[in-house]
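> Mind having a look at this structure? Questions to follow.
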2 protein chains.
Amino acid sequence: MSKLAAQPLYRQVLREVMVAIEAGEWDEDESLPSETDLGKRFGVSQGTVRKALDVLVTDGVLYRRQGVGTFVAGTSDFLLRGQFLSLAGRDGVKPSVDLLGCVRIHAGEQLAEILGLRRGAALWQVRRLLRVEGQVIGLEEMLLPEANFPSLEIRRIRELKGNLRELCWRDFGVRLKDGEVRYRAVLAGQTEARLLMMDVNEPLLQLVRLARDFDGKPQVWSVAWLRTEQLAFEPPAQFGAQAG
Amino acid sequence: MSKLAAQPLYRQVLREVMVAIEAGEWDEDESLPSETDLGKRFGVSQGTVRKALDVLVTDGVLYRRQGVGTFVAGTSDFLLRGQFLSLAGRDGVKPSVDLLGCVRIHAGEQLAEILGLRRGAALWQVRRLLRVEGQVIGLEEMLLPEANFPSLEIRRIRELKGNLRELCWRDFGVRLKDGEVRYRAVLAGQTEARLLMMDVNEPLLQLVRLARDFDGKPQVWSVAWLRTEQLAFEPPAQFGAQAG
DNA sequence: CACAAGTCTTATATAAGACAAAAGATATAC
DNA sequence: GTATATCTTTTGTCTTATATAAGACTTGTG
């Protein structure tokens, strides 16, 4: 391991592992080499590798199974992380996704500023429909700078089953890190009502998120509108060892 | 440290530290003994203590400052964790709280089941109003079993500035752990509209949470209704070492 | 005396190595 | 053939040693 950096060893290991993942060295749900082997490779102890992997596990990049191995976590999709729960019940469901379309638009002033672009910059707008048991339950819209994702094709999105997150780093080398989500309650407008097959002025749960890459650069702006008459939305459980 | 338990050492330490905190051995923002000293006390090494504290830090029970010490985190209040952001802006504000009242009601069937009580069991209903810059922005309602919190007095709640969380473990020894929050969009009804000084059928962001104690027993059911015309709600950032 | 630079003490933070526990795979007994 | 033991590989736990950070204290200097 290079000595030049003034960073702790485990941070350097963390970085290297992250790079390897980004390079596609191990596929999704494929096991990494054992902590011991990674230790040999980087010239550090198993414990140090472990500490690095700990961070990636709590970040959701990896998951572990004792006695078996450490695996690359599926690059689960944007706002879809999280589940829907019936108002009384305890068991949640994940929605299925239908790609609606992918068109080229231009950034408004606000959006341009948020994404760090000049006004009027070209953007891809991708829209998807969320369903639970056939019922349309949500609409999701993502905006990506064309500069960073030059040849975004709907065909390719379909190939990856609409998983934009996966696509971003497979085809463009951009590994996205989730940002904070903001919640609002809004009334359905014309567009939403039409796509979600509901009446206007019905309440919708709106989620907004800015996803950045691991260098902190803004990459994807996404907004979702969810119908919550029958189901409530629950964001993904955050990790960290369970207390008790 | 007692050897009887078939749990890892650091879990036992974790438990003991938690008990000590619950017993009020160290006040809010007061530093714990050093990791080394705690190690002596429990008969384990500094590293083991550290691992236990790690969990409590990511759980938000403690916080650390290198070279200084480890401190008991303030028992910040329920749904108030989280902040409000103006729709464009990036800097959030925390709302101020006004206690509306505390009355004794009886559990309906559903609520009784959720809280693990018999139907019709007595509950305390506490209501609070949230304000940002004077503007009423939210209503919060909490329901606590009278059995576990026998003498809940509005005077006492006021004393602790409406911080129910603090009150729960100061006066009743119940340390609450946050549960997952569920989100919905609803329309304002008569009651909400009146208390929030708005029209009926305006959209409201509804947050529902079941808070349990550290033994997993359900303790407090809370619901909040938030106006999000001007501001969006952002839940608290979850911890875990920052990647890099 | 005032003030800044060094250094001492006490914290947390990191690293390595030894060992334990869990999960599969494989061999063995019956 | 099937159940049970044992072997191997992997993650998980724990200790010891050392590094780094932050204040307090000391000391030199105008």
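The values are calculated or read from the model by the stated rules, or taken from the named source; none is laboratory data. It should be emphasised that the depicted structure is a prediction, and the values quoted were computed from it without experimental measurement. Glycine also receives a Cβ, built like all others from the backbone with ideal geometry; neighbour counts cover every protein chain displayed. These accessible areas exclude ligands, DNA and RNA; they are computed on the full protein's heavy atoms, side chains included. Shrake-Rupley method; radii C 1.70, N 1.55, O 1.52, S 1.80 Å.
> Kindly indicate which of A:Glu30, A:Glu16 is open to solvent by 50 Å² or more (accessible area, probe 1.4 Å), at pLDDT 85 or above, more than 11 Å from DNA strand D (Cβ to nearest atom) and at negative phi.
A:Glu16
> Just checking: which of the strands (runs of 3 or more DSSP E) contained wholly in the stretch A:109-190 hold 1 or more residues that are within 14 Å of chain B (Cβ to nearest Cβ) and surrounded by fewer than 19 Cβ atoms within 10 Å (Cβ to Cβ)?
The strands (runs of 3 or more DSSP E) meeting that bar are A:181-187.
> Scan the stretch B:40-55 residue by residue and report those that are over 21 Å from A:Asp54 (Cβ atoms) and either part of a helix (DSSP H, G or I) or within 14 Å of DNA strand C (Cβ to nearest atom) (or both).
B:Lys40, B:Arg41, B:Phe42
> Only one of (1) of a type in the set (Lys, Arg); (2) away from every other protein chain (no Cβ under 12 Å); (3) more than 9 Å from DNA strand D (Cβ to nearest atom) is not met by A:Arg65, so which one is it?
Of everything listed in (1) of a type in the set (Lys, Arg); (2) away from every other protein chain (no Cβ under 12 Å); (3) more than 9 Å from DNA strand D (Cβ to nearest atom), A:Arg65 misses just condition (3).
> Among the residues of the stretch A:222-237, is any touching a helix residue (DSSP H, G or I) at 6+ places or on another chain (Cβ under 9 Å), more than 9 Å from every other protein chain (Cβ to nearest Cβ), farther than 29 Å from B:Leu226 by Cα and in a strand (DSSP E or B)?
The answer is no, given that none of the residues of the stretch A:222-237 is touching a helix residue (DSSP H, G or I) at 6+ places or on another chain (Cβ under 9 Å), more than 9 Å from every other protein chain (Cβ to nearest Cβ), farther than 29 Å from B:Leu226 by Cα and in a strand (DSSP E or B).
> Can you name the number of the only condition in (1) modelled with pLDDT of 95 or more; (2) in contact with a Leu (Cβ under 9 Å, 6 or more places away or on another chain); (3) more than 11 Å from chain B (Cβ to nearest Cβ) that A:Arg194 fails?
Checking A:Arg194 against (1) modelled with pLDDT of 95 or more; (2) in contact with a Leu (Cβ under 9 Å, 6 or more places away or on another chain); (3) more than 11 Å from chain B (Cβ to nearest Cβ), the one that fails is (2).
> Identify, from the list A:Asp59, A:Asp37, A:Asp54, the residue that is within 16 Å of DNA strand D (Cβ to nearest atom), over 16 Å from A:Ala224 (Cβ atoms), modelled with pLDDT of 85 or more and under 21 Å from the mean Cα position of the chain (by Cα).
None of the others qualify; the one that does is A:Asp54.
> Can you pull out the residues in the stretch A:60-74 that are open to solvent by 50 Å² or more (accessible area, probe 1.4 Å) and either more than 10 Å from DNA strand C (Cβ to nearest atom) or not small (Gly, Ala, Ser) (or both)?
Hits for the stretch A:60-74 are A:Tyr63, A:Arg64, A:Arg65, A:Gln66, A:Val68.
> Here's a follow-up. Cβ-Cβ distance below 8 Å, separation of 6 or more or different chains: which pairs start in the stretch B:199-212 with a residue that is facing chain A (nearest Cβ under 10 Å) and at positive phi and end on one that is open to solvent by less than 10 Å² (accessible area, probe 1.4 Å) and part of a loop (DSSP other than H, G, I, E, B)?
Short answer, once both residue conditions are applied: B:Asn201/B:Ala188.
> A further question on this structure: Can you name every residue in the stretch B:131-166 that is closer than 14 Å to B:Ile105 by Cα and basic (Lys, Arg)?
Those that are closer than 14 Å to B:Ile105 by Cα and basic (Lys, Arg): none in the stretch B:131-166.
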